[in-house]
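Colleague: Sharing a structure with you now.
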């Protein structure tokens with residue numbers, strides 16, 4: 001899609017989940033536009049390899065922060081490391097995600113999918129808000145998914161999925177959480193010259209879910225002919241990041257670089273506010 005792209009020279013960006021798939025394609029798109037990029041990756045070896053690859057295309061240095069986003073201590077350390085760098089933050093893209101076929105808990109005792117896909121977005125963003133506000137105008141982008149339609153609510157009484165664990169329900173709720181978080185944060189940032197939007201990247205062939213044994217590795221291979229490429233999947237993330245005309249657009253949901261109307265339960269501002277309060281409690285955020 002062709003659109004007027006804003007000048008990213010001198011724009012500092014932070015991207016999670018950048019070592020493969022959509023994240024890697026997004027990272028490449030940003031550095032090619034001149035952005036100063038910091039990536040957060042769990043695996044140091046993969047992160048360093050990506051920094052080397054990106055640096056060959058970049059005008060500005062690419063910085064690596066190593067952190068496991070399933071750990072709230074690691075998220076706090078990553079945020080502190082960025083804040084200590086003294087750099088502004090004009091663009092934050094929360095992209096990292098997981099899908100698990102069986103229930104797992106993080107080191108914090110929280111169901112892993114909800115912890116990584118929602119709470120990591122929530123905690124990292126809130127910890128970085130002081131520097132984002134100082135850097136305004138700024139943009140926050142949350143990679144959600146059309147999988148939110150797998151459910152009709154957040155199931156706030158069982159966010160840890162202890163009652164029952166169904167892969168698509170748990171994943172769908174984590175993605176609904178991204179959308180509700182976007183809506184609530186957008187309201188809170190309304191007067192601060194900070195936009196907050198989310199997106200569905202489409203069905204993309206990535207490494208998501210390949211940690212789930214042989215079937216998790218086999219399915220992406222079998223389904224690859226039906227998937228979009230990571231580069232195609234990154235198009236909407238880059239559109240929200242780069243499109244000049246979106247400077248004042250906030251609280252919206254996009255797919256294929258177009259705004260899409262959400263289902264009614266994804267527009268539930270009361271549930272969004274309640275999810276915010278519960279998330280603050282679960283992360284110890286004041």
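Colleague: Report yes if some residue within the range 37-45 is surrounded by 15 or more Cβ atoms within 10 Å (Cβ to Cβ), in contact (Cβ under 8 Å) with a residue 12 or more places away in the chain and closer than 20 Å to residue 177 by Cβ; otherwise report no.
Modeller: Yes, some residue in the range 37-45 is surrounded by 15 or more Cβ atoms within 10 Å (Cβ to Cβ), in contact (Cβ under 8 Å) with a residue 12 or more places away in the chain and closer than 20 Å to residue 177 by Cβ.
Colleague: Regarding residue 98, is this residue in contact with a helix residue (DSSP H, G or I) (Cβ under 7 Å, 6 or more places away or on another chain), closer than 20 Å to residue 279 by Cα and outside any strand (DSSP E or B)?
Modeller: Yes, satisfied.
Yes or no, residue by residue, for (1) buried (at least 22 other Cβ atoms within 10 Å of the Cβ); (2) under 16 Å from residue 282 (Cβ atoms); (3) touching a strand residue (DSSP E or B) at 6+ places or on another chain (Cβ under 7 Å):
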| site | (1), (2), (3) |
| --- | --- |
| 121 | yes, yes, yes |
| 129 | no, no, no |
| 156 | no, yes, no |
| 165 | no, no, no |
| 171 | yes, no, no |
| 174 | yes, yes, no |
| 194 | yes, no, yes |
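Residue by residue, here is whether (1) farther than 24 Å from residue 180 by Cβ; (2) surrounded by fewer than 21 Cβ atoms within 10 Å (Cβ to Cβ) holds:
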residue: 50; (1), (2): yes, no
residue: 58; (1), (2): yes, yes
residue: 68; (1), (2): yes, yes
residue: 71; (1), (2): no, yes
residue: 76; (1), (2): no, yes
residue: 109; (1), (2): no, yes
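Colleague: Which residues, taken from the range 252-261, are surrounded by fewer than 19 Cβ atoms within 10 Å (Cβ to Cβ) and touching a residue at least 12 places away in the same chain (Cβ under 8 Å)?
Modeller: If the condition is that a residue be surrounded by fewer than 19 Cβ atoms within 10 Å (Cβ to Cβ) and touching a residue at least 12 places away in the same chain (Cβ under 8 Å), then 255, 256, 257, 260 are the ones that fit.
Colleague: Could you please find all residues in the range 1-42 being part of a loop (DSSP other than H, G, I, E, B) and closer than 18 Å to residue 86 by Cβ?
Modeller: Of everything in the range 1-42, those that are part of a loop (DSSP other than H, G, I, E, B) and closer than 18 Å to residue 86 by Cβ turn out to be 10, 11, 35.
Colleague: I'd like to check something: does the range 178-189 contain any residue that is buried (at least 21 other Cβ atoms within 10 Å of the Cβ), modelled with pLDDT under 95, touching a strand residue (DSSP E or B) at 6+ places or on another chain (Cβ under 8 Å) and within 18 Å of residue 17 (Cα to Cα)?
Modeller: Checking the range 178-189: not a single residue is buried (at least 21 other Cβ atoms within 10 Å of the Cβ), modelled with pLDDT under 95, touching a strand residue (DSSP E or B) at 6+ places or on another chain (Cβ under 8 Å) and within 18 Å of residue 17 (Cα to Cα).
Colleague: Would you point out which residue out of 21, 86, 109 is on the phi > 0 side of the Ramachandran plot and modelled with pLDDT under 95?
Modeller: Sole residue among the options that is on the phi > 0 side of the Ramachandran plot and modelled with pLDDT under 95: 21.
Colleague: Would you check if there is a residue in the range 48-70 being assigned to a loop (DSSP other than H, G, I, E, B), closer than 30 Å to residue 111 by Cβ, at pLDDT 95 or above and out of contact with any helix residue (DSSP H, G or I) (no Cβ under 7 Å at 6 or more places or on another chain)?
Modeller: Taking every residue of the range 48-70 in turn, none turns out to be assigned to a loop (DSSP other than H, G, I, E, B), closer than 30 Å to residue 111 by Cβ, at pLDDT 95 or above and out of contact with any helix residue (DSSP H, G or I) (no Cβ under 7 Å at 6 or more places or on another chain).
Colleague: Which count do you get for residues in the range 109-133 that are assigned to a loop (DSSP other than H, G, I, E, B) and in contact (Cβ under 8 Å) with a residue 60 or more places away in the chain?
Modeller: 1
Colleague: Could you say whether any residue in the range 79-96 is free of Cβ contacts under 8 Å to residues at least 40 places away in the same chain and surrounded by 15 or more Cβ atoms within 10 Å (Cβ to Cβ)?
Modeller: Yes, some residue in the range 79-96 is free of Cβ contacts under 8 Å to residues at least 40 places away in the same chain and surrounded by 15 or more Cβ atoms within 10 Å (Cβ to Cβ).
Colleague: List the helices (runs of 4 or more DSSP H) that sit entirely inside the range 228-286 and contain at least 3 residues that are touching a helix residue (DSSP H, G or I) at 6+ places or on another chain (Cβ under 6 Å).
Modeller: Qualifying helices (runs of 4 or more DSSP H): 230-233, 269-283.
Colleague: May I ask you to list pairs of residues, at least six apart or on different chains, whose Cβ atoms are under 6 Å apart, with the first in the range 158-171 being under 15 Å from residue 119 (Cα atoms) and the second being at pLDDT 95 or above and loosely packed, with under 15 Cβ neighbours inside 10 Å?
Modeller: Between residues of the range 158-171 that are under 15 Å from residue 119 (Cα atoms) and residues that are at pLDDT 95 or above and loosely packed, with under 15 Cβ neighbours inside 10 Å, there is no close pair.
Colleague: Name every residue in the range 227-251 that is surrounded by 20 or more Cβ atoms within 10 Å (Cβ to Cβ) and free of Cβ contacts under 8 Å to residues at least 40 places away in the same chain, in order of residue number.
Modeller: Of everything in the range 227-251, just one residue is surrounded by 20 or more Cβ atoms within 10 Å (Cβ to Cβ) and free of Cβ contacts under 8 Å to residues at least 40 places away in the same chain, namely 236.
The values are calculated or read from the model by the stated rules, or taken from the named source; none is laboratory data. Keep in mind that this is a model prediction, so the values were computed, not measured. Heads up, the Cβs are rebuilt from the backbone with ideal geometry, glycines too, and the neighbour counts pull from every protein chain shown.
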